[in-house]
Amino acid sequence: MRTVSSGWADQAVRLAVAALEPAADPKRAAGMAGYLRDQFPFLGISAPQRRGLLRLAWSELPAPVPDELAGALAACWRLPQREYQYAGCDLLERWVGSTRRAGACPAGFVVEVVEPLLVTKAWWDTVDALRSVVVGPMVQAHPDLVAVVRRWVELDDRWLVRSALIHQLGYRERTDEPLLLELCARRASDREFFVAKGLGWALRTHARLRPETVRQFCADHPELTRLARREALKHLAAG
């Protein structure tokens with residue numbers, strides 16, 4: 001990506017900090033940090049409050065070019081409190097988080113910008129949020145990115161694997177079923193908790209539309225872990 005002025009990124013992050021820091025609640029922060037195993041410090045701001053504060057703070061921001069958005073995301077990920085990583089996801093939702101908006105963002109944004117975010121300060125909260133606001137919309141808007149999720153599912157990083165497995169959540173009738181089953185089959189025997197949980201989640205979601213397909217997948221893959229199988233069949237009859 002070309003180098004541009006950091007002015008937009010600096011402004012977006014400065015506005016976020018100015019909006020969120022005064023709302024910090026140390027008591028709530030302790031509980032929020034504990035929920036994520038004390039891996040990250042928190043300001044102690046609920047998701048609805050954060051979104052409302054940032055919506056107001058960013059109301060006058062013009063649309064960024066991809067490089068400006070990338071700069072703001074990198075800055076959000078450098079800040080210590082977890083709400084700033086969530087703020088980065090809020091920026092993505094605002095400027096990329098639909099198939100239409102994602103179509104205007106270059107496909108290379110996923111590998112150059114999003115992939116590093118998925119493996120930096122990574123835990124299920126940011127990984128799953130990035131799926132909904134950028135990974136899912138971008139893959140839907142840019143079919144060539146299927147090659148990226150196929151690469152991710154083969155890697156040793158659990159968060160990239162999980163991202164590949166769940167990237168079609170929310171696609172509903174537009175789900176590429178052969179791709180979904182291909183990716184799930186590749187990691188069917190993977191016992192890593194977040195991978196197995198994500199795999200089961202992807203299948204369980206698809207079962208709302210195609211229950212027999214999911215039942216058959218589970219029958220055809222005896223190597224499927226107990227966790228993934230239980231999650232996949234959770235809302236289906238056992239038979």
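Things worth noting here:
- Test: residue in the range 30-42 that is surrounded by fewer than 14 Cβ atoms within 10 Å (Cβ to Cβ) and farther than 25 Å from Phe194 by Cβ: no
- Within the range 222-239, considering residues that are over 24 Å from Asp128 (Cβ atoms) and out of contact with any Ser or Thr (no Cβ under 7 Å at 6 or more places or on another chain), the one modelled with the lowest pLDDT: Gly239
- Condition check for Ala70: farther than 25 Å from Asp157 by Cα, at pLDDT 95 or above, assigned to a helix (DSSP H, G or I) and among the aliphatic types (A, V, I, L, M): no
- Residues (surrounded by fewer than 21 Cβ atoms within 10 Å (Cβ to Cβ) and among the charged types (D, E, K, R)) located in the range 69-94: Arg78, Glu93, Arg94
- Qualifying residues in the range 23-63 (those that are within 21 Å of the chain's Cα centre (by Cα) and hydroxyl-bearing (Ser, Thr, Tyr)) - the one farthest from Ala9 (Cα to Cα): Tyr35
- With respect to the conditions (1) under 23 Å from Ala16 (Cβ atoms); (2) in contact with a Pro (Cβ under 7 Å, 6 or more places away or on another chain), Thr99 falls short on a single one, namely (1).
- Note on the range 182-199: among residues that are assigned to a helix (DSSP H, G or I) and among the small types (Gly, Ala, Ser), the one that is farthest from Pro222 (Cα to Cα) is Gly198.
- Every test in (1) in contact with a helix residue (DSSP H, G or I) (Cβ under 6 Å, 6 or more places away or on another chain); (2) surrounded by 18 or more Cβ atoms within 10 Å (Cβ to Cβ); (3) in contact (Cβ under 8 Å) with a residue 40 or more places away in the chain is passed by Val114 save one, and that test is (3).
- Members of the range 143-181 found to be touching a residue at least 24 places away in the same chain (Cβ under 8 Å), more than 12 Å from Ala202 (Cα to Cα), assigned to a loop (DSSP other than H, G, I, E, B) and of a type outside the set (D, E, K, R), listed by number: Val153
The values are calculated or read from the model by the stated rules, or taken from the named source; none is laboratory data. Note that the coordinates shown come from a computational prediction; the quantities given were computed from them, not determined experimentally. Every residue, glycine as well, gets a Cβ built from its backbone with ideal geometry; the counts of neighbours run over all protein chains shown.
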